[in-house]
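The values are calculated or read from the model by the stated rules, or taken from the named source; none is laboratory data. Quick caveat: nothing in here was measured; it's all calculated off a predicted structure. Ideal geometry is used to build each Cβ from the backbone, glycine not excepted, and the neighbour counts take in all protein chains shown. Calculation scope for accessible area: heavy atoms of the full protein, side chains included, ligands and nucleic acids excluded. Shrake-Rupley method; radii C 1.70, N 1.55, O 1.52, S 1.80 Å.
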Amino acid sequence: MEAFTQFEGTTLPLMNDNIDTDQILPKNYLKRVEKTGFGEFLFDDWRYLPQRKPNPAFILNDPAYQTAQVLITGDNFGSGSSREHAAWALLDYGFKAVIAGSFGDIFYMNATKNGLLPIELPLDVRQRIASLPASEKISIDLPRQCVIVAREEHFFAIDATWKHKLIHGLDEISITLQEEAKITAYEQTIPTYWQ
């Protein structure tokens with residue numbers, strides 16, 4: 001998992017409330033076993049017209065927002081099913097963070113486990129960010145737990161454990177591998193008839 005400390009990038013506003021995981025990534029794309037390749041299907045039902053023609057009315061298809069890396073959205077983002085694929089699709093598309101009013105609990109966990117930073121900020125702050133020109137950048141400072149917009153700092157809460165994991169790029173496997181010497185030492189004590 002890639003470490004997340006400070007980040008600067010442009011935003012994409014999608015200020016709908018209750019965007020569920022089926023809207024983020026429809027269920028017909030869940031058959032893949034890899035974590036990659038899901039970005040092209042992000043918000044698929046909104047993003048494409050019949051015959052997969054890009055919907056010009058949907059913001060992800062607006063050329064001005066093609067390089068956005070921070071999604072600004074409404075309340076209850078990522079509600080619905082437990083599909084981890086929703087976080088994979090956002091990351092694969094290029095998003096590094098999602099700023100919402102609140103998150104579905106399972107989506108929040110899936111996001112943090114995969115290196116996507118979920119940030120909760122009040123509606124008035126999100127509306128100000130959503131109104132920025134497409135080319136204007138914001139900064140995110142995870143160690144200080146703040147989003148900087150036009151020199152204004154907006155602080156957010158995050159569990160200390162998840163903060164530590166994100167800053168150091170640690171997922172469950174890399175945390176386990178930190179104990180590799182102890183695991184190896186223990187395995188050498190196992191009698192051969194147990195193996």
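Assorted remarks:
- Of the helices (runs of 4 or more DSSP H) lying entirely inside region 92-172, those containing at least 2 residues that are in contact (Cβ under 8 Å) with a residue 40 or more places away in the chain and touching a Ser or Thr at 6+ places or on another chain (Cβ under 7 Å) span 160-168.
- Scanning region 15-32 for residues that are of a type in the set (D, E, K, R) and either surrounded by fewer than 13 Cβ atoms within 10 Å (Cβ to Cβ) or not in a helix (DSSP H, G or I) (or both) yields ASP17, ASP20, LYS27, LYS31, ARG32.
- Screening region 33-45 for residues that are within 19 Å of the chain's Cα centre (by Cα) and within 15 Å of ILE59 (Cβ to Cβ) and picking the one that is surrounded by the most Cβ atoms within 10 Å (Cβ to Cβ) gives LEU42.
- Of all residues in region 55-75, those satisfying the criterion of being over 11 Å from the mean Cα position of the chain (by Cα), within 15 Å of ILE19 (Cβ to Cβ) and open to solvent by less than 50 Å² (accessible area, probe 1.4 Å) are PHE58, ILE59, LEU60, ILE72, THR73, GLY74.
- Conditions (1) open to solvent by less than 60 Å² (accessible area, probe 1.4 Å); (2) part of a strand (DSSP E or B); (3) without any contact (Cβ under 8 Å) to a residue 24 or more places away in the chain: number failed by ILE190: (2)
- Residue check, LYS35 at negative phi, in contact (Cβ under 8 Å) with a residue 40 or more places away in the chain and in a loop (DSSP other than H, G, I, E, B): yes
- Tallying residues that are surrounded by 23 or more Cβ atoms within 10 Å (Cβ to Cβ) and under 16 Å from ASP17 (Cβ atoms) within region 76-103 yields 5.
One line per residue, one yes/no per condition, for (1) within 16 Å of THR11 (Cα to Cα); (2) open to solvent by 70 Å² or more (accessible area, probe 1.4 Å); (3) at pLDDT 95 or above; (4) within 18 Å of the chain's Cα centre (by Cα):
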position: ASP141; (1), (2), (3), (4): yes, no, yes, yes
position: ALA150; (1), (2), (3), (4): yes, yes, no, no
position: PHE156; (1), (2), (3), (4): no, no, yes, yes
position: LEU166; (1), (2), (3), (4): no, no, yes, yes
position: GLY169; (1), (2), (3), (4): no, no, no, yes
position: ILE173; (1), (2), (3), (4): no, yes, no, no
position: LEU177; (1), (2), (3), (4): no, yes, no, no
position: LYS182; (1), (2), (3), (4): no, yes, no, no
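- Being farther than 23 Å from ILE173 by Cβ, within 14 Å of the chain's Cα centre (by Cα) and of a type in the set (A, V, I, L, M) is true of ILE99.
- The listed residues are LEU60, LEU71, and the only one of them that is out of contact with any Pro (no Cβ under 7 Å at 6 or more places or on another chain), among the hydrophobic types (A, V, I, L, M, F, W, C) and in a helix (DSSP H, G or I) turns out to be LEU60.
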